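Quick note: the coordinates plus some simple rules give every number you see, no bench work behind them. All figures in this text were calculated on a predicted structure; none of them were measured in a lab. Here Cβ is always computed from backbone atoms with ideal geometry, including for glycine, and neighbour counts include all displayed protein chains.
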Amino acid sequence: MRPTDRPDDPDHDLDLTRRGALGVGGVAAAVLASPAARAESPAQAAPVTARAFGADLVVRPIVNGEAVEAGIDVRTSLLDMLRETLKLTGAKKGCDHGQCGACTVHVDGRRVVSCLTLAAKVDGRAVTTIEGVADGDRLHPMQQAFIDHDALQCGYCTPGQIMAAIACVGEGNATSPESIREYMSGNICRCGAYVGIVAAIEDVARQGGRG
Ligand code: FES
Ligand code: FES
């Protein structure tokens with residue numbers, strides 16, 4: 001089990017199908033979405049406001065480099081705020097219980113399962129989702145490696161897998177297939193695309209790729 005993706009960790013405080021990989025399909029749009037489509041640069045980003053009906057708390061995180069403001073119920077999870085309020089549907093809801101990793105995003109550069117993270121906790125913090133990892137039209141190396149290594153089938157788990165994989169490399173834990181499997185063990189793939197996922201991560205790590 002990864003050590004840093006659980007809210008109870010003291011340090012926590014804090015359809016990509018093959019078709020989709022080629023840019024066709026709804027999930028692909030989420031996985032491959034360019035941040036440029038949302039903001040040209042953090043400095044140029046205009047605040048985005050998304051208030052939910054019945055909101056009783058306003059949080060102002062920096063999401064994919066863009067200052068946003070979201071009105072939420074205090075009980076709202078980060079995952080629900082991203083998907084329902086901010087309409088960033090790349091992070092997927094698999095189990096909603098912290099067990100599948102489909103909802104993995106980064107908060108202040110560290111991976112978290114967003115279904116078990118309160119949205120209220122990310123006020124003022126940097127949140128990165130799958131929509132924010134590409135560099136303009138250039139895919140993140142991990143996105144490209146997933147495509148190159150056929151690391152996806154239905155693609156439902158893929159956004160979370162990629163976010164966890166980026167973190168795995170960035171943490172320095174992609175040192176062997178065994179270590180990769182251990183530090184990716186919180187991300188479940190019902191299609192069993194694990195061989196390709198490990199190969200993709202090894203590839204990026206071998207290239208000294210960025211996490
Ligand atoms: S949806 Fe969050 S871990 Fe499964
Ligand atoms: S590719 Fe289908 S769940 Fe992982």
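Worth pointing out:
- Contour minus Cα-Cα distance for Asp73 and His97 (0.36 nm per residue): 6.7 nm
- Taking other residues whose beta carbon is less than 9 angstrom from the beta carbon of Arg60, and scoring Lys, Arg as +1 and Asp, Glu as -1, yields -2.
- The alpha carbon gyration tensor of region 75-211 gives principal lengths a ≥ b ≥ c with a/c of 1.5 or higher and a/b greater than b/c, which makes the shape prolate.
- Were the residues from Glu182 through Arg125 laid out at 0.36 nm apart, the gain over their Cα-Cα distance would be 17.7 nm.
- Computed label-point distance, nm, for sites Cys191 and Asp148 using a 7 Å Cα→Cβ extension: 1.9 nm
- The alpha carbon centroids of region 164-211 and region 100-144 are separated by 16 Å.
- Gyration tensor verdict on region 56-132 (Cα atoms; rounded if a/c is under 1.5, prolate if a/b is larger than b/c, oblate otherwise): oblate
- Rounded, prolate or oblate (a/c below 1.5 giving rounded, otherwise prolate when a/b exceeds b/c) for region 133-210 by Cα gyration tensor: oblate
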